[in-house]
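The values are calculated or read from the model by the stated rules, or taken from the named source; none is laboratory data. Note that the coordinates shown come from a computational prediction; the quantities given were computed from them, not determined experimentally. Cβ coordinates were reconstructed from backbone atoms using ideal geometry, including for glycine residues, and neighbour counts include every protein chain displayed. For accessibility, only protein heavy atoms count, side chains too; no ligands or nucleic acids. Shrake-Rupley method; radii C 1.70, N 1.55, O 1.52, S 1.80 Å.
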Amino acid sequence: MFLDIHTHTAEERHPSITRLNGSSYPSPEQLIAMLDTAGIEKAVILSLVSPEYRYTLVPPEETLRIANRYPDRLIPFCNIDPRFLTNSTEADFTNLLEAYKSLGCRGIGEYIPNIPLDDPLNMNFFHYVEESGLPLTFHLSAQQGGNYGCIDERGLPRIERVLKSFPNLIFLAHSQVFWSEIGNEIDETSRRGYPSGKVIPGRVVELMKNYPNLHGDLSAKSGFNAISRDPEFGYRFMEEFSDRLYFGTDIASTPQELPIVDYFNTMRREKILSEEILDKISWKNAFTLLRLS
């Protein structure tokens with residue numbers, strides 16, 4: 001079984017509302033068809049409410065409408081921008097988070113405000129997320145402007161501060177800026193992309209060892225590249241952190257190639273990793289985290 005921790009969908013938009021590359025989010029029907037083709041039984045669908053580098057927003061209310069059409073297949077995540085309510089560090093997000101939880105949201109994300117990860121606005125919001133008990137999927141960026149995602153520098157010092165400050169908040173880490181640091185050979189250019197070749201364990205491995213509230217979202221080219229660029233290292237990494245890694249695709253357009261599906265199917269078929277480890281990463285960890293059983 002596969003449970004995809006990271007997908008995107010939206011109700012029909014005007015045809016001129018597209019992303020910068022000319023594609024658009026799949027409709028709910030297209031997403032279901034893509035999941036069927038890939039053999040993915042269930043998927044988290046993420047909300048997007050921060051305006052950074054967006055062509056359209058997908059508020060939690062829309063995500064919930066879509067999930068309610070496919071309750072056996074789709075799992076909604078809500079989202080809140082830290083500037084909501086009062087645009088201050090005094091904002092109390094308790095009521096919003098509890099409302100979305102009561103409506104069926106199982107997590108928060110994709111969290112993309114283009115401010116430092118440890119900005120006081122974020123730190124205030126994370127306090128309320130920790131109290132809510134919901135996990136948070138975040139995207140990291142290396143720069144302010146011209147991109148989306150919370151900002152962190154090489155070595156991920158801001159992630160470490162956040163992890164220390166909120167030990168009971170599960171952070172699902174995602175994006176090139178995070179996963180490139182699985183190795184220690186990166187520079188300011190390569191950390192924004194997809195480094196290749198052998199991996200000498202880097203900052204991500206160190207942080208995963210030291211902070212049990214850091215979990216890994218393996219979706220998109222960034223997550224897949226992290227575990228596949230050096231297969232032997234990737235197998236060891238998945239074994240060591242098998243309780244805190246999650247299969248995902250980051251479906252965000254149609255058509256879209258999903259190489260991680262074949263990769264996991266090959267590992268299972270060729271018995272490269274044990275059934276126990278593959279089951280954890282493919283679906284069991286998500287079932288536990290999202291309290292689906």
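Counting only DSSP H runs of at least 4 residues, each contributing -39500 (n - 2.57), and dividing by the residue count of the chain, the helix-based mean residue ellipticity at 222 nm comes to -10000 deg cm²/dmol.
Distance from the C-alpha centroid of the stretch 230-292 to that of the stretch 127-199: 20 Å, rounded to the whole angstrom.
A simple spin-label model places pseudo-atoms 7 Å from Cα toward Cβ; at E239 and R13 they are separated by 4.4 nm.
Set against the 2.2 N^0.38 Å expectation for a compact globular protein, the stretch 150-293 has a Cα radius of gyration ratio of 1.01. Strictly greater than 32 Å: what percent of every Cα pair in the chain meets that? The answer is 19 percent, as a whole percent. Remark: accessible surface ordering of H127, H6 (largest first) is H127, H6, probe radius 1.4 Å.
According to the Cα-based calculation, Rg over Rh for the stretch 102-221 is 0.96, with Rh computed by the Kirkwood formula. In percent, rounded to a whole number, the relative contact order of the chain is 18, using alpha-carbon pairs under 8 Å and six or more apart. Taking all protein chains together, I227, I200 sort by accessible area into I200, I227, largest first [probe 1.4 Å].
Given a 1.4 Å probe and the protein chains as shown, E232 ends up with an accessible area of around 110 Å². Put a plus charge on the Cβ of each Lys and Arg, a minus charge on the Cβ of each Asp and Glu, and nothing anywhere else: the dipole of the stretch 251-292 about its Cα centre is then about 180 debye.
Considering only beta bridges that DSSP places wholly inside the chain, some 10 percent are antiparallel. Taking all Cα pairs closer than 8 Å and separated by 6 or more residues, the relative contact order of the stretch 163-293 comes to 22 percent.
Dividing the C-alpha radius of gyration of the stretch 134-183 by 2.2 N^0.38 Å, with N its residue count, gives 1.12. When peptides 79-85, 133-139 are ranked by their average number of other Cβ atoms within 10 Å per residue, the highest-first order is 133-139, 79-85. Using the 1.4 Å probe convention, the accessible area of the chain works out to 42 Å² per residue with neighbouring protein chains retained. For the peptides 106-119, 154-167, the ranking by mean Cβ contacts within 10 Å, running from highest to lowest, is 106-119, 154-167. Note on the stretch 138-293: with neighbouring protein chains present and a 1.4 Å probe, carbon and sulfur make up 48 percent of its accessible heavy-atom surface. Taking all protein chains as they are arranged and a probe of 1.4 Å, the heavy atoms of K198 leave approximately 150 Å² accessible to solvent.
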